[in-house]
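Data first, discussion second: the structure below is written as structure tokens.
Quick note: the coordinates plus some simple rules give every number you see, no bench work behind them. Not measured: the values here are computed from a predicted model. Backbone-built Cβ (ideal geometry, glycine too); neighbour counts: all protein chains shown.
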Amino acid sequence: MASIAQGKIWKDEDGNAINAHGGGILYFDNTYYWFGEIKKGKTTRAADIRSWEDYRVEAGGVSCYSSKDLLSWKYEGIALASAKRDTSSDLHISKVIERPKVIYNERTRLFVMWMHIDKYDYSYARAGVAVSDKPTGPYHYIRSVRPNGQMSRDMTLFKDDDGKAYLIYSSEDNNTMQICLLSDDYLSPTVTYNRILISADREAPAMFKFQKRYYLITSLCTGWDPNKALYASAENILGAWTMQGNPCTGPDADSTYHAQSTFVITIDGKKNEFIFMADRWNKTDLENSRYIWLPLHVENGKPVIVWKDPWNPDKQ
């Protein structure tokens, strides 16, 4: 891509559509790695689920793309493959594999991927973990857990400046968000966690840090349909979080530009310049869902997302 064009088909260096939904970015060794859900094939709706529009495709696993400039993306292949035969596997095509995020552990020299693992009706509500000795994979799936016995659905990862890592996830039937400190090897939840945004019905967490303050952008729980994003902030990642206003500005800000948050990219070498990643879901044709990436900066302690179409991250 010569520039980021919102809601268009983005193609990799081979000319194929990028398939990396609900994704996240790892920056390692001067390279950005984009991991996301592979959504391919026919979209169907679970006939026995009436409480919400449970549209889905067969679980396709996790894709990986690499880039030096956040514009030109090389397809690196399937980082974590789904299972086609073993119906008991968390990764079976009948299950749900969503919102993969990857961080690097300097002590173990392993790349650690966490993701939302679920059954078709979202009753499983677990977090899955996989590892690889290469950023592009393949990743070896270890297991899924409910952190401290708590439900885990929409999730993200955050690695702090001190090397500690945290799993952030919607819990208690999405009535709360929880932040859980991971073990030193990043492979297990610890008993250190906090319940935040209680009774707020939030999902799609995207966290970042600026000037020693933590920010968490989330969406309301409205199924595949977009809604207004809100952000919360805290001085301590495991401390008290305060819900604030909508970080989006300009046209369609009240629907998060018809999209839903998934990650915030910290741009290497730049201060107070971030990229807000969001998915514009096409619920009846999930493979044809699109991406929204927008400039984000912090102004007087408030994250501000600005609508630009098209735009270049080097020319914010």
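How charged is the neighbourhood of P135? Take every other residue with its Cβ under 11 Å from the Cβ of P135, and add Lys/Arg as +1 and Asp/Glu as -1. Numbers along the way, then the final one.
Values: positive: K134; negative: D29, E76, D133.
Taking every other residue near P135 into account, the sum is -2.
How much net charge surrounds W293 when only the other residues with a Cβ under 12 Å from the Cβ of W293 are counted, with Lys and Arg +1 and Asp and Glu -1?
On the way: positive: K8, R280, R290, K308; negative: D279, D309.
Charge balance near W293 sits at +2.
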**Message:** 5 Å is the cut-off here: which amide hydrogens, built 1.01 Å from N in the peptide plane, fall below it relative to K11, excluding neighbours closer than 5 in sequence?
**Reply:** I18
**Message:** How long are the semi-axes of the equivalent ellipsoid of the range 21-315, taking √(5λ) for every eigenvalue λ of the Cα gyration tensor, in whole Å from largest down?
**Reply:** 25, 22, 21
**Item:** Pairwise Lys count, the range 178-271 - Cα closer than 21 Å, eight or more residues apart or different chains
**Value:** 4
**Item:** Amide H contacts of G22 (H built 1.01 Å from N, under 5 Å, at least 5 apart or other chain)
**Value:** E37
**Request:** Write down, largest first, the equivalent ellipsoid semi-axes of the range 28-148 in whole Å, where each equals the square root of 5 times an eigenvalue of the alpha-carbon gyration tensor.
**Result:** 27, 17, 12
**Item:** Of D133, D54, D161, the one that fluctuates the most in a GNM where the chain has Cα springs shorter than 10 Å
**Value:** D161
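Of all chymotrypsin sites (Phe, Trp or Tyr not before Pro) in the range 49-89, which ones are in loop regions per DSSP and have a Cβ with at most 16 other Cβ atoms within 10 Å? Provide the component values of the computation, followed by the final result.
On the way: sites: W52, Y55, Y65, W73, Y75; in loops: W52, W73.
Answer in residue order: W52.
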**Prompt:** Top mean-square fluctuation among E172, E299, E58, Gaussian network model of the chain, C-alpha springs under 10 Å?
**Reply:** E299
**Request:** In whole Hz, with x marking every Gly and Pro, tabulate ³J(HN,Hα) for the range 211-221 from phi via Karplus 6.51 cos²θ - 1.76 cosθ + 1.60, θ = phi - 60°.
**Result:** 6, 6, 10, 9, 10, 9, 9, 9, 10, 6, 8
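Quick one: net charge around T218, please, counting Lys, Arg +1 and Asp, Glu -1 for every other residue with C-beta under 13 Å from its C-beta. If you can, show how the numbers build up before the last one.
Working: positive: R99, R153, R202, K228; negative: D154, D201, E203.
My count for the surroundings of T218 gives +1.
For the range 95-247, what is the Kirkwood hydrodynamic radius in Å, using each pair of distinct C-alpha atoms? Walk me through the intermediate numbers first.
Details: mean 1/r = 0.0640 Å⁻¹.
Result for the range 95-247, one decimal place: 15.6 Å.
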**Asked** Which whole-Hz ³J(HN,Hα) couplings does the range 42-54 yield from phi under the Karplus relation 6.51 cos²θ - 1.76 cosθ + 1.60, θ = phi - 60°, glycine and proline marked x?
**Response** 6, 8, 10, 10, 5, 5, 8, 9, 10, 6, 7, 7, 7
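Highest mean first, what order results for 8-18, 232-242, 285-295, 23-33 on Cβ atoms within 10 Å?
Numbers: 8-18: 12.9, 232-242: 15.4, 285-295: 19.3, 23-33: 17.3.
Highest mean packing first, the order is 285-295, 23-33, 232-242, 8-18.
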